[in-house]
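Worksheet for the structure shown next.
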């Protein structure tokens with residue numbers, strides 16, 4: 001009985017090993033590197049973040065706000081212009097990696113004034129000409145600096 005049990009265990013282990021080997025041959029492990037991008041290196045270093053990172057075909061972009069190269073807020077008090085500035089920066093990051101807004105699959109918007117954002121949200125029709133991405137719109141008490149009224153983060157995927 002003990003010998004029969006040992007043979008059964010050996011057979012199951014052998015089958016499991018063969019299945020694992022077959023799976024590894026069909027789906028070899030991919031080594032994906034993290035490729036970081038800094039749009040405003042000095043400001044990003046001071047605030048402690050990277051504007052984007054690409055992992056394989058996926059691109060994760062930190063929330064864009066309306067700021068100059070030194071990290072100072074721009075278009076203070078003007079949510080519509082801040083939104084345009086955010087999309088301008090996001091476009092630069094997407095293009096750096098060879099992506100476009102058609103590749104965006106997630107867009108999260110954080111705003112300190114949802115009513116005003118809703119009035120201005122039609123501008124997004126000029127950004128997303130094909131399909132809108134998934135996403136969430138949130139009204140928040142505040143952003144990184146009190147002058148910021150909107151922050152937009154994206155995730156994009158480029159099929160090979």
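Just so it is clear, none of the values below were taken in a lab; they were calculated from the coordinates. Just so you know, these numbers come straight off a predicted model, no measurement behind them. No Cβ is skipped: glycine too gets one built from the backbone with ideal geometry, and neighbour counts run over all protein chains shown.
Residues that are out of contact with any helix residue (DSSP H, G or I) (no Cβ under 7 Å at 6 or more places or on another chain), more than 15 Å from residue 63 (Cα to Cα) and not in a helix (DSSP H, G or I) do not occur anywhere in region 106-118. The set of residues from region 98-123 being out of contact with any strand residue (DSSP E or B) (no Cβ under 8 Å at 6 or more places or on another chain), over 21 Å from residue 37 (Cβ atoms) and buried (at least 16 other Cβ atoms within 10 Å of the Cβ) comprises 116, 120. Residues of region 125-146 that are surrounded by 16 or more Cβ atoms within 10 Å (Cβ to Cβ) and in contact with a helix residue (DSSP H, G or I) (Cβ under 8 Å, 6 or more places away or on another chain): 127 alone.
Can you name every residue in region 144-160 that is under 19 Å from the mean Cα position of the chain (by Cα) and without any contact (Cβ under 8 Å) to a residue 40 or more places away in the chain? Hits for region 144-160: nothing passes.
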